[in-house]
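Working notes, structure below.
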Amino acid sequence: EELLAEILKSEFPKDVVDHTMRCNQEAQKALMHLDIDPGDHAFLGDILDPQNDGFITVLELVDGLKRLRGETRRSDVITIDLMVRSLQERVDDIWKWSHHAMLDTENPEPVR
């Protein structure tokens, strides 16, 4: 149990993934056996680092590789499109709220 917790906390620089994908034929073969598109191999470090902090955790590695397996389906693309639209609506709402809040602080109503 402690060993598992220690493994799950592990992370490594995404540069290590990028270097491994460029230089290690065994790693490239392993990805091919996992049915991961060779076109994704060169971008694996970026794909597996969703926070863009330069590090990849073990869970991000496992989850990312699992999601990359197999052919892209139309449903995958549509799901992502719907998620992006939802996020865009939230960003728009936040922008409108912050814009109105800023205007309210610049032009406060007079106190009576």
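The values are calculated or read from the model by the stated rules, or taken from the named source; none is laboratory data. Predicted model only: the values in this text are computed from it and were never measured. Counting neighbours? That spans all protein chains shown, and the Cβs are built from the backbone with ideal geometry, glycine included. Side chains are part of the model used for accessible areas, which takes the heavy atoms of the whole protein and leaves out ligands, DNA and RNA. Shrake-Rupley method; radii C 1.70, N 1.55, O 1.52, S 1.80 Å.
Cα centroid separation, the stretch 1-31 to the stretch 47-112: 26 Å. Label point 7 Å out from Asp35 along Cα-to-Cβ: which residues of the stretch 70-87 have amide N under 18 Å? Flagged as within label range: 70-77. What shape does the stretch 13-98 take by its C-alpha gyration tensor, where a ≥ b ≥ c are the square roots of the eigenvalues and a/c under 1.5 counts as rounded, a/b above b/c as prolate, and the rest as oblate? Oblate. The packing ranking of peptides 79-86, 27-34, highest mean first, is 27-34, 79-86, where packing means the average number of other beta carbon atoms within 10 angstrom of each residue. Leaving out ligands, DNA and RNA, what percent of the accessible area of the chain is carbon and sulfur, probe 1.4 Å? Roughly 58 percent of what the probe reaches on the chain is carbon or sulfur. In percent, rounded to a whole number, the relative contact order of the chain is 26, using alpha-carbon pairs under 8 Å and six or more apart.
Counting only protein heavy atoms and a 1.4 Å probe, the chain has 85 square angstrom of accessible area per residue.
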